1. Need the full-extension length gain, LEU156 to SER19, defined as separation in residues times 0.36 nm minus the C-alpha distance. One decimal, nm.
2. Can you compute the modelled spin-label distance between ARG127 and LEU51, with each label point 7 Å from Cα toward Cβ, in nm?
3. At what distance in nm do the modelled label points of ILE113 and ASP30 sit from each other, each positioned 7 Å from its Cα along Cα→Cβ?
4. Under 9 Å from the Cβ of THR80, count the other residues' Cβ atoms, weight Lys and Arg +1, Asp and Glu -1, and hand me the total.
5. Give me the number: length gained by fully extending VAL134 to PHE177, i.e. 0.36 nm times residue separation minus the C-alpha to C-alpha distance, one decimal in nm.
6. Would you please give the residues with an amide H less than 5 Å from that of ARG114, counting only those at least 5 places away or on a separate chain, with H modeled from the backbone geometry?
7. Can you grab the distance from the C-alpha centre of segment 123-175 to the C-alpha centre of segment 37-92, Å, no decimals?
8. Give the shape of segment 28-67 as rounded, prolate or oblate, defined through the alpha-carbon gyration tensor: a ≥ b ≥ c are the square roots of its eigenvalues, a/c under 1.5 means rounded, and otherwise the shape is prolate if a/b is larger than b/c and oblate if not.
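Here, each number is a calculation from the coordinates, and none is a lab measurement. Remember, it's a predicted structure, so these values are computed and weren't measured experimentally. Positions of Cβ are backbone-derived with ideal geometry, glycine not excepted, and every protein chain shown enters the neighbour counts.
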Amino acid sequence: MDSQPPEQAFPAAFSAHTSRFTRTYQTYLDKVTPFTTYRWIGTAVLLLIFLARILLAQGWYIVCYSLGIYLLNLFLAFLTPKFDPSLEQDDELESGGPSALPTKQDEEFRPFIRRLPEFKFWHSATRAIFIAFVATWIQATDVPVFWPVLVVYWILLFTLTMRRQIQHMIKYRYIPFSFGKTRYARS
């Protein structure tokens, strides 16, 4: 009497397996969270394997270009503050005042909060590289394109967006990295 009908047994079993997989995957992510350097080394190795696959196979340039655009988008979100000082609505939401970042020496210090935190940046980049690597083994994703045009266009896009981002950083005086900043000892 406790057994389920056959049409409901498969969804329940599938749900149980996906739930177990999700818990195992989350456990792995929780374990690797503190090892920032090793995580990024692993991602760089995966990216090098992907690029080696692209160069050796001499194809899948559109997949590589798509990955480059996505990684550039992630990097820009990583460099951008969560509450953009150029938008007045974000300023009002965050502090209720005219400026979210301090502009004078006597103003209160407000830490830099990223739009995309480092862990989410790493996780999204690693997943994207893995998906792109898998896509290089699927013949349908090998669209013939003239790859030098894609390279030139990506370099142009990277240059223009980074120039805009650096101008934004200079205008609103923020540095999205913590190295090189003064560190004070706790008393």
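1. In short, 45.0 nm is gained.
2. The answer from the label model is 2.4 nm.
3. Taking the two extended label points, one gets 2.5 nm.
4. Net charge around THR80: +2.
5. Contour length minus Cα-Cα distance gives 12.2 nm.
6. LYS82
7. 6
8. Prolate is the answer for segment 28-67, as a/c is 1.5 or above and a/b outweighs b/c.
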